[in-house]
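To start, the structure under review is shown below, and the notes come after it.
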Amino acid sequence: MTGPESEESPVRRAVCPGSFDPITNGHLDIIARASRLYDEVYVAVMINQSKKGLFEIEERIDLIRTVTAEYGNVRVEAFHGLLVDFCKQRDIPAIVKGLRAVSDFDYELQMAQMNNGLSGVETLFVPTNPTYSFLSSSLVKEVAAWGGDVSHLVPAEVLTALTERLGKD
């Protein structure tokens, strides 16, 4: 048989990069939406030796794997170096990034243009759900450290890990 019916479609891959220290409901929303658009979605957890995180890289990966388990097409891996190299090694042509506000756009546009110029990888910007437009991992950590309620901002497994790590009950 010849024609389009006999040809297999290539696997559509994308990556959602970040430090995810910890993953929030805003991150999870972007990953879930990307998982509906692509056959495979990689969550690339950035390793930054110069920055001490609240959670070790392995802990972040475990938490992300747990909270994305319902999506059968999400893979979670650590990466160090240039994101475009991560993409090249895995044949990933697209980066999916959530934008919370106009202030995010300036920086993310520069990164998208640099990544495209370096390797041809495209960046797709997804507007964040308005419910999470203010949300960041840093804000979650700060509020949780002061004993504030972040239960509506992070998955239950992350809340448990945060509470244990910060020693708050």
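The values are calculated or read from the model by the stated rules, or taken from the named source; none is laboratory data. Everything quoted here is computed from the prediction, not taken from an experiment. Cβ sites come from the backbone with ideal geometry, for glycine too, and all protein chains shown count toward neighbours.
For R33, are the conditions met, namely being surrounded by 14 or more Cβ atoms within 10 Å (Cβ to Cβ) and over 22 Å from V143 (Cβ atoms)? Talk me through it step by step, then tell me what you get.
Working: surrounded by 14 or more Cβ atoms within 10 Å (Cβ to Cβ): yes; over 22 Å from V143 (Cβ atoms): yes.
When the stated conditions are applied, R33 passes them.
Inside segment 82-110, residues that are within 12 Å of P17 (Cα to Cα) and surrounded by fewer than 15 Cβ atoms within 10 Å (Cβ to Cβ) make up a count of 1. Would you check if there is a residue in segment 3-23 being at pLDDT 95 or above and part of a helix (DSSP H, G or I)? No, there is no match, as no residue in segment 3-23 is at pLDDT 95 or above and part of a helix (DSSP H, G or I).
A Cβ distance below 9 Å, combined with a sequence gap of six or more or placement on separate chains, defines the contacts here; from segment 39-55, residues that are touching a residue at least 24 places away in the same chain (Cβ under 8 Å) and more than 25 Å from E164 (Cα to Cα) reach residues that are among the polar types (S, T, N, Q) and surrounded by fewer than 21 Cβ atoms within 10 Å (Cβ to Cβ) in the pairs D39/S9; D39/N73; E40/N73; V41/N73. Output yes when any residue across segment 161-168 is at pLDDT below 95, of a type in the set (A, V, I, L, M), more than 18 Å from C16 (Cα to Cα) and surrounded by fewer than 18 Cβ atoms within 10 Å (Cβ to Cβ), and no when none is. Scanning segment 161-168, I find at least one residue that is at pLDDT below 95, of a type in the set (A, V, I, L, M), more than 18 Å from C16 (Cα to Cα) and surrounded by fewer than 18 Cβ atoms within 10 Å (Cβ to Cβ), so the answer is yes.
Within 27 Å of R165 (Cβ to Cβ) and modelled with pLDDT of 95 or more: is that true of E59 in this structure?
On the way: within 27 Å of R165 (Cβ to Cβ): yes; modelled with pLDDT of 95 or more: yes.
Judged against the criteria, E59 is a match.
Taking first residues from segment 100-113 that are in contact (Cβ under 8 Å) with a residue 40 or more places away in the chain and partners that are of a type in the set (S, T, Y) and surrounded by 11 or more Cβ atoms within 10 Å (Cβ to Cβ), the Cβ contacts under 9 Å between residues at least 6 apart in sequence or on separate chains come to R100/T128; R100/Y132; R100/S133; R100/S136. Scanning segment 46-62 for residues that are part of a helix (DSSP H, G or I), surrounded by 11 or more Cβ atoms within 10 Å (Cβ to Cβ) and over 14 Å from the mean Cα position of the chain (by Cα) turns up just one, E59.
Out of all the residues in segment 154-162, is one or more farther than 23 Å from G98 by Cβ and free of Cβ contacts under 8 Å to residues at least 24 places away in the same chain? Before the answer, list the steps.
At the first step, the residues of segment 154-162 found to be farther than 23 Å from G98 by Cβ are 160.
Restricting the remaining residues to those that are free of Cβ contacts under 8 Å to residues at least 24 places away in the same chain gives 160.
Scanning segment 154-162 turns up at least one residue that is farther than 23 Å from G98 by Cβ and free of Cβ contacts under 8 Å to residues at least 24 places away in the same chain.
If I filter segment 133-152 down to residues being touching a Ser or Thr at 6+ places or on another chain (Cβ under 7 Å) and outside any loop (DSSP other than H, G, I, E, B), which single residue comes out as farthest from I31 (Cα to Cα)? It would help to see each step written out before you state the result.
Within segment 133-152, the subset touching a Ser or Thr at 6+ places or on another chain (Cβ under 7 Å) is 135, 137, 140.
Next, from what is left, pick out any that are outside any loop (DSSP other than H, G, I, E, B): 137, 140.
Values: S137: 15, V140: 18 Å.
Restricting to residues being touching a Ser or Thr at 6+ places or on another chain (Cβ under 7 Å) and outside any loop (DSSP other than H, G, I, E, B), the top hit is V140.
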